[in-house]
Every structure is written in structure tokens, then in C-alpha cells.
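Computed from the coordinates by the stated procedures, all read-outs in this text should not be read as laboratory data. All values reported here derive from a predicted model rather than from experimental measurement. All Cβ positions, even for glycine, are placed from backbone atoms using ideal geometry, and neighbour counts span all protein chains on display.
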Amino acid sequence: MAAQDELEYKVLHCGKLYTGLSPELYDQQQILIKGSIIKELGPQVAAPPDSEILDLSHLTVTPGMIDAHTHPAFVDPADLYDDTIKNSDGWRALSILRTAVRSLEGGFTTIRAVGWFQEDHVLDVKRFIAAGHLPGARIVAAAHALGTTGSHGDFSQSFRGFPELADYLAERNPGTGDGPDFFVKAVRREVKLGSDFLKLMATGGFASPHDGPEDVQLSDAELGAIFETAHALSIPVTAHAYTAELVSRLVDYGIAGIEHGSLIDAQTAEKMEVKGVYLVPTFNVYDKILQANEDELDALEPLFRQKLLQYRERLRAGREVICQSGIKLGYGTDMVAIHHNYENGWEYASWLTGGLDPYRALEAATKNNAELCGISEVTGTIEPGKLADIAGWPRDLLRDSNALRDCAFVMKEGTVYPARSHMAES
């Protein structure tokens with residue numbers, strides 16, 4: 001073997017190792033990497049002479065984590081409702097790049113961008129990183145969220161006091177429109193642009209002013225047009241949806257996954273499990289609702305406060321259903337107005353403090369997320385033949401709810417990048 005070939009090898013000495021393949025931590029394992037690919041793992045690997053040795057014996061080593069629900073186009077959570085008028089398309093693109101860089105530094109080697117309402121050029125940033133021009137987390141993306149006029153996905157609501165301006169801004173949102181013909185064209189356009197999946201805004205939400213989480217914002221004719229076109233073009237579909245009734249209907253349409261699903265019941269959970277529909281529950285978003293005291297709630301805008309109080313107990317019951325179900329769960333943060341969108345480790349705290357098995361959370365953030373992102377053939381687990389997407393953590397992953405906020409080592413495709421702890425961020 002030539003000396004030049006030998007130098008391509010790295011050996012990681014792991015204190016503990018979680019591979020993503022089983023709910024276990026293995027002691028004192030080694031990982032042999034050639035270039036970007038994992039070649040071997042075990043207590044002692046057959047490393048060529050002069051391999052680079054990386055001592056991670058003080059860390060728990062895992063696959064690179066994946067955040068399956070991000071909105072990376074914000075520099076700061078305060079930008080959320082000012083974005084429509086404050087920021088340019090170019091600004092959003094730069095924010096996505098920044099999010100990808102800091103997510104990678106935090107041990108998340110892949111992020112899934114679930115569509116935005118204005119142009120943010122996420123697909124350009126995805127391709128720029130993939131081409132190796134700048135480092136950053138791998139991006140899986142829906143270019144635009146698809147929703148109807150005035151829906152939870154129509155951010156021109158911010159200008160509802162100026163109807164002409166609101167209408168103009170809605171027309172600039174590529175995914176906002178009405179009727180089956182519009183959505184047939186919108187689906188085809190997303191495929192043309194290179195979206196990896198489609199994101200539907202199928203229902204209202206908690207923060208938007210004129211709707212609620214039980215509202216259905218796409219008609220049967222519109223949904224039928226979307227799914228018929230998507231299935232014909234072999235592009236998977238996910239949806240922002242809350243209630244048992246709507247989620248059940250979407251499952252019947254052949255949806256691949258659901259984002260949130262916070263108000264589902266046991267019957268719907270079982271239906272999702274049987275049909276193999278995944279759920280990304282974004283628990284941390286609703287922690288503030290479930291845990292807020294009356295003083296905190298009193299500080300909120302009155303209509304928003306009323307909505308939160310109305311659904312608090314149903315959100316609590318829905319979370320219990322999700323936690324007790326056998327649904328394939330994905331790990332996603334949905335950071336838009338709470339923390340920075342690269343602080344991907346916050347969701348782990350919600351899973352552990354909510355009583356979920358930490359191995360279920362780790363599987364969601366690695367193996368499951370790779371599957372729902374359509375990249376499981378190359379990443380998501382540590383095994384021979386996969387890309388060397390690897391992270392190292394100094395905390396106890398099974399007991400410390402802040403463990404995924406404190407990265408000490410990160411490798412993407414065999415290259416080591418600077419690691420960053422996000423413990424001091426917020």
C-alpha cells in the first residue's frame with residue numbers, strides 16, 4: 001500500500017459509541033475511516049501504518065445528528081415577523097449558510113429545511129455546500145411552503161391593515177395560491193427547482209392572527225391535485241398539521257410524514273404506525289405553552305394568550321399519545337421565535353424531560369431522520385460503507401437533557417470541523 005494511500009486513513013478511539021443501529025452504548029470502540037467512508041469498527045480495527053489517530057476516549061461518539069424541521073433563513077428569532085419587510089432574499093440566503101455552518105459546529109451534520117414563504121434561495125445554498133465551496137451542514141430542502149391565501153403559510157397577514165400591500169406580497173410568495181390548477185403547477189415547479197420533498201401548510205396555527213390549529217386550509221380538491229401530481233412525480237409530501245381528523249385524512253391521501261401532529265388521538269397514532277407515516281413532533285415549541293405560568297401568559301397578546309389556554313390541555317394529552325405510540329418519530333426543532341435556529345440540541349431536552357427513552361430520541365435524530373430525509377443509504381448510522389458523519393459529546397447522553405447542546409467533536413464526510421458548544425447561546 002502506497003504511503004499516500006495510508007495517509008488517507010483516520011482511526012477514532014471512542015470512549016463510548018452509539019452507532020444508531022441498536023439502543024446500546026459500546027465501550028472503547030474504534031472506527032477506521034478512509035477518505036470520506038467508514039471502513040471498519042470494533043474494539044480493535046486493522047489500521048494501516050501512519051493512520052491519523054484521533055483520541056475521542058473522553059467522549060460519547062454518535063452519528064452526526066440530523067435536525068429534520070428547520071427554518072434556517074433567520075439570523076435572530078426576533079426577525080420572524082419582521083422578515084417580510086426587513087430582509088432581502090440575499091439576506092435570507094446568507095442566514096441559511098450561517099445556520100448550516102453553526103449547526104455543523106454543533107454536531108448536526110444535516111439539516112432539513114421545511115420550506116419558507118418568501119424566496120430564500122435555500123436550494124442554491126444546499127448546492128453551494130454540497131459542491132464543497134464552503135463548509136456547512138448538509139441541507140435537505142423544500143424550497144417553498146405550499147399554502148392558500150390567508151392561511152398559516154401566508155405571511156402577508158403581517159400587512160392585513162394594508163390590503164393592497166398584503167395582496168402584492170402574497171403574489172410574490174411562490175407557494176401561496178388557491179385552487180387545484182395553482183397547486184398542480186406549484187408542485188411541478190418545486191420538482192423543477194430541485195426540492196427534495198413538498199411541505200404543505202394544511203392547517204392554521206397558534207401564532208397567526210385569524211386561524212387556529214383546527215382549521216383546515218386546503219380543500220379536498222386542492223389536496224387531491226397536490227397528491228396526484230406529487231405521486232406521479234415521485235416526490236414525498238409532508239404537512240404542517242395538528243388534529244386527528246386532518247392527519248387521518250392526509251394519511252389516506254398517502255402522505256409520507258406529518259410535522260407537529262400535536263392534537264392527534266390514539267386511533268390516529270395507530271393508523272400512522274400501520275401506514276408507516278412518520279411524525280416530527282417538534283416538542284420544544286410547545287414546552288412554553290405547557291409550562292408557562294400565569295404571569296408569562298398575561299404578558300402575551302390577548303388573542304394569542306386565549307388560544308394557548310384553550311389548547312393547553314389538549315396539547316398535553318396529544319403529547320402523551322405521541323410518546324406512548326409506536327409511530328416512527330423524527331427529531332426536529334422548528335426554531336422560529338424561541339431559540340436560534342442552529343441551536344438544534346434544545347429538542348433533546350424536551351424528549352428527556354418529557355420521559356421519553358433517550359435511545360428513542362437518539363434514533364430519531366440519526367437513523368430515523370436519515371430515512372425520512374431520503375439519505376439513509378449514505379448517512380444516519382455508523383457502519384462500514386456509510387459516510388463518516390460523526391459527532392462527539394462530553395456529557396451523559398442518557399441522562400443529561402443538555403447533552404446535544406454541547407458538542408466537542410464533529411466530522412462530516414471524513415473531514416474534521418471546529419466544534420462549538422451552544423450552551424451559552426440562550
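Tabulated data for the structure shown
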| read-out | value |
| --- | --- |
| Residue-averaged 222 nm ellipticity for the chain, from DSSP H runs of 4+ at -39500 (n - 2.57), nearest 500 | -10000 deg cm²/dmol |
| Karplus-derived 3J(HN,Hα), 6.51/-1.76/1.60, for each residue of segment 337-343, Hz, glycine and proline x | 9, 10, 10, 5, 6, 9, 8 |
| Hz values of 3J(HN,Hα) by residue in segment 268-277 - Karplus curve (6.51, -1.76, 1.60), Gly and Pro given as x | 5, 4, 5, 4, 4, 4, 5, 7, x, 8 |
| Approximate spin-label separation VAL274-ASP252, in nm, with each point projected 7 Å along Cα-to-Cβ | 1.4 nm |
| Sites ASP27 and MET423 - FRET efficiency at Förster radius 25 Å, r taken between beta-carbons, to 0.05 | 0.45 |
| Computed lengthening from SER88 to GLN291, 0.36 nm per intervening residue step minus Cα-Cα distance | 69.5 nm |
| Residue with peak Gaussian network fluctuation, the chain [Cα springs, cutoff 10 Å], from LEU223, LEU25, LEU54 | LEU54 |
| Most fluctuating residue given options VAL61, VAL274, VAL75, as computed from a GNM of the chain linking Cα atoms under 10 Å | VAL274 |
| Only Lys, Arg (+1) and Asp, Glu (-1) charged, at Cβ; segment 141-295 dipole about Cα centre in debye | 600 debye |
| Among ALA186, GLY224, THR203 the positive-end extreme of the charge dipole of segment 175-293 (Cβ point charges) | ALA186 |
| Between 0 and 90°, nearest 10: helix 180-193 axis offset from the chain longest Cα axis | 20 degrees |
| Point-to-point label distance, ALA266-ASP396, nm (Cα→Cβ direction, 7 Å offset) | 3.3 nm |
| Table column - 3J(HN,Hα) (Hz), segment 310-325, Karplus curve with 6.51, -1.76, 1.60, x for Gly and Pro | 4, 9, 4, 5, 5, 5, 5, 5, x, 5, 4, 4, 4, 5, 8, 7 |
| SER234/ARG127 FRET efficiency (R0 22 Å; Cβ-Cβ; nearest 0.05) | 0.60 |
| Helix axis angle, 220-233 relative to the chain longest principal axis, alpha carbon, degrees | 30 degrees |
| Which of LYS126, LYS271 has the fewest Cβ neighbours within 10 Å, and the rest in rising order | LYS271, LYS126 |
| Gain in span if fully extended, GLN310 to GLU377, counting 0.36 nm per residue against the direct Cα distance | 19.8 nm |
| C-alpha center-to-center spacing [segment 156-217, segment 335-381] in angstrom | 27 Å |
| Lysine pair count for segment 278-426 [Cα-Cα under 19 Å; pairs on different chains or 8 or more apart] | 5 |
| Filtered trypsin sites (Lys or Arg not before Pro), segment 152-248: DSSP coil and at most 15 other beta carbons within 10 Å | ARG160, ARG172 |
| Beta bridge orientation in the chain: antiparallel %, DSSP, nearest 5 | 45 percent |
| 10 Å Cβ shell holding at most 11 others, DSSP loop, GluC sites (Glu not before Pro): longest site-free stretch of the chain | 25-376 |
